[in-house]
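Everything below concerns the one structure shown next.
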Amino acid sequence: MTHRQRISSGTPWEDIVGYSRAVRVGNVVEVAGTTAVDEHGQVVGVGDPTAQTTYILTKIGHALNAASATLADVVRTRMFVTDIARWEAIGRAHGAFFGDIKPVATMIQVSALISPDLLVEIEATAIVVDG
């Protein structure tokens, strides 16, 4: 059986909902939907999709590092946004992190996220190539 490494962010929601911030199995790392909520439960960048996207991708980078991966290992991102008209601000922030990496990416408008102050949620998949 392949080893399953679970990475936790320590939030109470993980036990309530039954999920991990990230999971690594073999060379694949999946990072759960990540929002711009800090360690105190406060939304970062209220009203600012660029700030939220930047904060989220930084959080994703930390989760990847805990799984012995980096943003350079990301092969797919999925962005859920509450207003597709703001796609360019979100896309530019995504490009600042992934401009040279260029993972496949999807951006989908959703009717709402868990808080009305959240504008963006992002998931990521990474494949770590050893050596």
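Residues are listed down the side, and each one gets a yes or a no for (1) crowded, with 21+ Cβ neighbours inside 10 Å; (2) of a type in the set (A, V, I, L, M, F, W, C); (3) more than 16 Å from the chain's Cα centre (by Cα):
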position	(1), (2), (3)
E14	no, no, no
G18	no, no, yes
V25	no, yes, yes
D38	no, no, no
Q42	no, no, yes
G61	no, no, no
D73	no, no, no
D83	no, no, yes
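Filtered by the rule that a residue be in contact with a helix residue (DSSP H, G or I) (Cβ under 6 Å, 6 or more places away or on another chain) and either closer than 18 Å to W87 by Cα or among the small types (G, A, S) (or both), segment 9-56 gives A22, T34, A36, G45, P49, T50, T53, T54.
Determine, yes or no, whether A22 is at pLDDT 90 or above, in contact with a strand residue (DSSP E or B) (Cβ under 6 Å, 6 or more places away or on another chain) and of a type in the set (A, V, I, L, M, F, W, C). For A22, the condition - at pLDDT 90 or above, in contact with a strand residue (DSSP E or B) (Cβ under 6 Å, 6 or more places away or on another chain) and of a type in the set (A, V, I, L, M, F, W, C) - is met.
So that you can scan it fast, the table gives a plain yes or no per residue for (1) without any contact (Cβ under 8 Å) to a residue 12 or more places away in the chain; (2) part of a loop (DSSP other than H, G, I, E, B); (3) not small (G, A, S):
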{"residue": "V46", "(1), (2), (3)": "no, yes, yes"}
{"residue": "A69", "(1), (2), (3)": "no, yes, no"}
{"residue": "E123", "(1), (2), (3)": "no, no, yes"}
{"residue": "A126", "(1), (2), (3)": "no, no, no"}
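Counting only residues that are touching a Lys or Arg at 6+ places or on another chain (Cβ under 8 Å) and within 17 Å of G45 (Cβ to Cβ), which one in segment 85-131 is least open to solvent (accessible area, probe 1.4 Å)? Ranking the qualifying residues of segment 85-131, first place goes to I122.
Taking segment 78-114 as the range and being in contact with a strand residue (DSSP E or B) (Cβ under 7 Å, 6 or more places away or on another chain) and modelled with pLDDT under 95 as the test, no residue passes.
Restricting to segment 1-12, name every residue that is within 19 Å of A67 (Cβ to Cβ) and open to solvent by 30 Å² or more (accessible area, probe 1.4 Å).
M1, T2, H3, R4, Q5, R6, S8, S9, G10, T11
The values are calculated or read from the model by the stated rules, or taken from the named source; none is laboratory data. Keep in mind it's a predicted model, so treat the numbers as computed, not measured. So basically every Cβ, Gly included, is an ideal-geometry build from the backbone, and we count neighbours across all protein chains shown. For the accessible areas, the whole protein counts, side chains as well, though only heavy atoms, and no ligand, DNA or RNA atoms are used. Shrake-Rupley method; radii C 1.70, N 1.55, O 1.52, S 1.80 Å.
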